[in-house]
Amino acid sequence: MNLITIFDLTRAELEGLVERGEKLKRKRKEGLKASNELEGKTLALIFEKPSTRTRVSFEVAMHELGGNVISLNWNELQLGRGERVRETARVLSSYVDAVMIRAYRHDTVEEFANYASIPVINGLTDLEHPCQTLADLMTIKGYKKNFAGVTVAWVGDGNNVCNSLIGGAAITGMNMRVASPDGYEPAKVVVERAKKMGGEVLITENAEEAALGADVLYTDVWVSMGDEKEREKRERVFKKYQLNEDLVRVAKEDAIIMHCMPVHIGEEITEGVLKSENSVIFEQAENRLHAQKALLLKLLEK
Ligand code: CP
Ligand code: NVA
């Protein structure tokens, strides 16, 4: 089994991962950090782009489950000199038990998975970030108790994180509203797939319309990795798409504030909102560790 897109998971699988993540979180808080379920297993991490949370949480997750991890930068591998993804996938499949890849193009991860004979995990592409959604769902459930009836408002770029969250919302029965500027909407293919499975997805250019009465307010950077050439244009286009005190006032009083991080203060979020009582951003980042442990166990446990 692979996790290339959030749609690879059924509702039962997704909810099962969240529940297992919650259990692992409780266990760790009680001081039970180390176990040996993945003893003898090796996970390779391949990064074509930078990462803090994804890299460290996967490394720590494998260590705490008794397994090994090898972290590799694209350019240090022969991939950086033009060796094809498909041969790399076949070779690594004979050495390690699973691979996580963070790549620019989504089809790079798809190609890797097509030629690998081991589980492949998408660690972020231009289209999706499903591992982030696992932690996001765990965070939302922690505060809202259920998924049904929860309204999630996304404000900003309809990017990879947004796309996976739309899928996650549709699978778990949450309402999703996305406010993004013209030309920066989430991927059509994702929205259509979510709607086809009964997901409620509202796409608007109006941030207040999305945030009105919402239970969750979520944003991400205006300039994603790979979009740096467009920085100036994006700073102009996204000006009105900021999680600030005025926008927070429009949502429910107990609305939680979410962000996948890294944050760019003064761009997509204000310092005040980041530090506000309703902000769960650091817990959300912590949940990456627990949710990914649950995922690794599902993919690798004997
Ligand atoms: N949210 C997230 O994936 O962060 P990193 O880019 O630091 O891994
Ligand atoms: N949308 C951001 C998410 C970073 C975790 C990016 O792709 O850079």
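Structure values in brief
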item	result
Linear extension gain, ASN73 paired with GLU232, 0.36 nm per residue minus alpha-carbon span	54.4 nm
Relative contact order, percent, the chain [alpha-carbon distance under 8 Å, six or more residues apart]	20 percent
Cβ charges +1 (Lys, Arg) and -1 (Asp, Glu), total dipole of the chain, debye	760 debye
Dimensions in Å of the stretch 133-244 - Rg and Dmax from alpha carbons	13.5, 41
Between the stretch 6-22 and the stretch 80-124, the alpha-carbon center distance in angstrom	23 Å
Mean Cβ count within 10 Å, highest first, over the residues of peptides 259-268, 232-241	259-268, 232-241
FRET efficiency estimate (nearest 0.05) - Cβ-Cβ, GLU15 to ASN206, R0 35 angstrom	0.65
Selected from ILE118, LEU217, CYS131, residue furthest toward positive end of dipole (the chain; charges at beta carbon)	ILE118
Dimensionless Rg ratio for the chain, taking C-alpha atoms and the 2.2 N^0.38 Å reference	0.97
By average C-beta atoms within 10 angstrom, highest first, the peptides 124-137, 25-38, 174-187	124-137, 174-187, 25-38
Separation of the GLU277 and ALA148 label points, Cα + 7 Å toward Cβ, nm	3.0 nm
At 0.692 mPa s and 37 °C, Stokes D of the stretch 9-135 from Kirkwood alpha-carbon radius, µm² per second	212 µm²/s
Net charge dipole size for the stretch 138-227 [Lys, Arg +1 and Asp, Glu -1 on Cβ; Debye, nearest 20]	580 debye
Kirkwood hydrodynamic radius of the stretch 69-226, from inverse mean 1/r over distinct Cα pairs, in Å	16.9 Å
Dipole-positive endmost among GLY82, SER71, ALA61 within the stretch 28-97 (Cβ charges, Cα centre)	GLY82
Residue-span extension gain [LYS188 to GLU253] - 0.36 nm each, minus C-alpha spacing	20.2 nm
Helical contribution to [θ] at 222 nm, DSSP H n ≥ 4, -39,500 (n - 2.57), averaged over the chain, rounded to 500	-13000 deg cm²/dmol
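Coordinate-derived values only; no laboratory data. Everything quoted here is computed from the prediction, not taken from an experiment. Neighbour counts run over all protein chains shown; Cβ positions are idealised from the backbone, glycine included.
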